[in-house]
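Structure first, then comments.
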Amino acid sequence: GSSFSIVRRTINLTWTDPNTEAGVTYYYKVRSINGSVKGTFCETQSLQCAVIPGAPALTLTNDSDTGSAIISWNSVDHATEYEVYRSADGESYQLLHTTSDLTYTDPDTESGITYYKVRSKNGSVNGTFCAPQSIAIPGVPVMTLSINSSTRRNVVSWSRVDYATEYEVFRNDQLVLHTTGLTYTDLNAYYGSTYFYKVRAIRETENGTIYGQFCAHDSLWCRYLDPVTGLTLS
């Protein structure tokens, strides 16, 4: 900062230096002049030219319990924090969250297609956005419980939902079936017991399984006659 050269004479009160490089510190001082009469220099000040961080690489998954989208990205050189944006149509984005972490779980995720993008920041300097990505989260099935009139077996049925490739059936909070179908006959339910059922849709992708939200629990009292105990049907 001891060797200075004149870079600009102006009658204005501001000047933008067009010849700076990212990460380099520059020293400046200013003096006024009146014709050939030169005034006194102000105190020297320095400024490091900001480094514009690059674009992060984005990965989208979701929480298996809540269905909430999980947005993750890699660390970017010179980034001090990151901004997460969301869009319902891939065109109009809104800022969701600012963080110094490398992941964010969106608590307001809805079923259907949602778009996300992330950009890095270096203080007040905005970096580059990553390419937007979308996640298609299956909807919530409508479940129906019934008893087969001939076999007295418990039958679980559900509606088909958008973006689902398979369905998972749970009995008493235990997974009992993966299926592409829309019905499940419970062959392990016996007379006199009450069983609780719930169903969720899932979607298999190259990044892993995308989980829809569970339908509401519902219960069914089993009327199947256990041939071992010989209990009578009601």
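The values are calculated or read from the model by the stated rules, or taken from the named source; none is laboratory data. Please read all numbers here as calculations on a predicted model, not as lab measurements. Because the Cβ atoms are built from the backbone with ideal geometry, glycine has one as well, and the counts that use them run over all protein chains shown. Surface areas here come from the heavy atoms of the whole protein model, side chains and all, with no ligands, DNA or RNA. Shrake-Rupley method; radii C 1.70, N 1.55, O 1.52, S 1.80 Å.
For the stretch 209-225, the condition holds for no residue, the condition being that it is on the phi > 0 side of the Ramachandran plot and either assigned to a loop (DSSP other than H, G, I, E, B) or at pLDDT 95 or above (or both). Of the strands (runs of 3 or more DSSP E) entirely within the stretch 102-141, those holding at least 1 residues that are small (G, A, S) occupy 112-122, 125-129, 133-137. Restricting the stretch 115-154 to residues that are open to solvent by less than 20 Å² (accessible area, probe 1.4 Å) and of a type in the set (V, I, T), the residue that is farthest from A55 (Cα to Cα) is I137. Being modelled with pLDDT under 95, in contact with a Gly (Cβ under 9 Å, 6 or more places away or on another chain) and open to solvent by 80 Å² or more (accessible area, probe 1.4 Å) is a property that I11 lacks. A count restricted to the stretch 67-87 and to residues that are open to solvent by 70 Å² or more (accessible area, probe 1.4 Å) and either within 13 Å of the chain's Cα centre (by Cα) or on the phi > 0 side of the Ramachandran plot (or both) stands at 1. Would the stretch 24-46 turn up any residue that is open to solvent by 60 Å² or more (accessible area, probe 1.4 Å), charged (D, E, K, R) and in contact (Cβ under 8 Å) with a residue 24 or more places away in the chain? Looking for residues that are open to solvent by 60 Å² or more (accessible area, probe 1.4 Å), charged (D, E, K, R) and in contact (Cβ under 8 Å) with a residue 24 or more places away in the chain, one finds at least one in the stretch 24-46, hence yes. Being within 30 Å of Q213 (Cα to Cα), part of a loop (DSSP other than H, G, I, E, B) and either open to solvent by 40 Å² or more (accessible area, probe 1.4 Å) or in contact with a strand residue (DSSP E or B) (Cβ under 7 Å, 6 or more places away or on another chain) (or both) is a property that E91 has.
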